[in-house]
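Before any comments, here is the structure.
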Amino acid sequence: MNNLLQAVRDYAILFLTENISSELTFHNIGHTYEVVAAVREISQESVLSEEDICALQVSAWFHDCGYAFCYKGHEQESKRIACNFLENFGCEKDFIQKVLECIDSTKYPQNPVSEIEKIICDADLFHLTRTNYPKYEKALRLEFEKYLGLIFTDEEWQMQNNDFLKNHQYFTDYGQNILAKFKEANVQLANDFIKN
């Protein structure tokens, strides 16, 4: 498993560095590093097999590689990239399927089924807990403008962001008991901004 993880890490870093547009201000290699770290943190609080931990980490490295080819529907491309790599590496079909299901579960709106799908979904939105959350939401706003043609006034964006924060829920116990408390601070900041 360690050989696989090292090979995936090396491949994903090279792939993302060479293929992801610098105009992707949010979904870039930095986001991938953060999701991988968040997957590790959250999975430490769960009882998982070694194979599930490996599938989770592999899916975290691959989950946004598809942005090299398209913005909407990037998960399909990410799955294709992951599947090709894992098949060439000689991984078993069941393992590959776990990875692909994890990647697919990150599609918005998230609808994870298994524990590892719940973990990657929580890890993908771990940034909602960060004290520097405004940096992330500004980067995402720029992407929405560039890639989706969604232009918001500052007030519209704050309302949209506030609604998203209020309606989002974490799926894992760790997310619900720990991460949600940190996210709540950003919900309060968003509410305060709208009131002023």
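So is Leu165 closer than 20 Å to Val35 by Cα, modelled with pLDDT under 95, part of a helix (DSSP H, G or I) and out of contact with any strand residue (DSSP E or B) (no Cβ under 6 Å at 6 or more places or on another chain) or not? Spell out the reasoning first.
Working: closer than 20 Å to Val35 by Cα: yes; modelled with pLDDT under 95: yes; part of a helix (DSSP H, G or I): yes; out of contact with any strand residue (DSSP E or B) (no Cβ under 6 Å at 6 or more places or on another chain): yes.
Considered against the rule, which asks whether it is closer than 20 Å to Val35 by Cα, modelled with pLDDT under 95, part of a helix (DSSP H, G or I) and out of contact with any strand residue (DSSP E or B) (no Cβ under 6 Å at 6 or more places or on another chain), Leu165 comes out as yes.
Could you run through the range 102-112 and say how many residues are of a type in the set (S, T, N, Q) and loosely packed, with under 15 Cβ neighbours inside 10 Å? Show your work before the answer.
Residues of the range 102-112 of a type in the set (S, T, N, Q): 105-106, 110-111.
Remaining after also requiring loosely packed, with under 15 Cβ neighbours inside 10 Å: 111.
The number of residues fulfilling the criteria is 1.
Are any of the residues in the range 136-145 within 14 Å of the chain's Cα centre (by Cα), part of a helix (DSSP H, G or I) and farther than 23 Å from Asn28 by Cβ?
no
So which helices (runs of 4 or more DSSP H) are wholly in the range 1-101 and hold at least 3 residues that are open to solvent by 30 Å² or more (accessible area, probe 1.4 Å) and of a type in the set (Phe, Trp, Tyr)? Don't jump to the end; show me each part of the working.
Values: elements: 2-19, 29-43, 50-62, 74-89.
Where helices (runs of 4 or more DSSP H) fall fully within the range 1-101, none carries at least 3 residues being open to solvent by 30 Å² or more (accessible area, probe 1.4 Å) and of a type in the set (Phe, Trp, Tyr).
If you go through the range 146-162 one residue at a time, how many are farther than 16 Å from Thr25 by Cβ, assigned to a loop (DSSP other than H, G, I, E, B) and not hydroxyl-bearing (Ser, Thr, Tyr)? Full working, then the answer.
Narrowing the range 146-162 to residues farther than 16 Å from Thr25 by Cβ: 153-156, 158-160, 162.
In the following step, the residues that additionally are assigned to a loop (DSSP other than H, G, I, E, B) were identified as 153.
Then keep just the ones that are not hydroxyl-bearing (Ser, Thr, Tyr); that gives none.
The qualifying residues number 0.
The values are calculated or read from the model by the stated rules, or taken from the named source; none is laboratory data. The model shown is predicted, which means the values in this text are computed figures rather than measured ones. Here the Cβ is made from the backbone with ideal geometry for all residues, glycine too, and neighbour counts use every protein chain on show. Ligands, DNA and RNA are stripped out before the accessible areas are found, and what is left, the full protein with its side chains, is counted by its heavy atoms. Shrake-Rupley method; radii C 1.70, N 1.55, O 1.52, S 1.80 Å.
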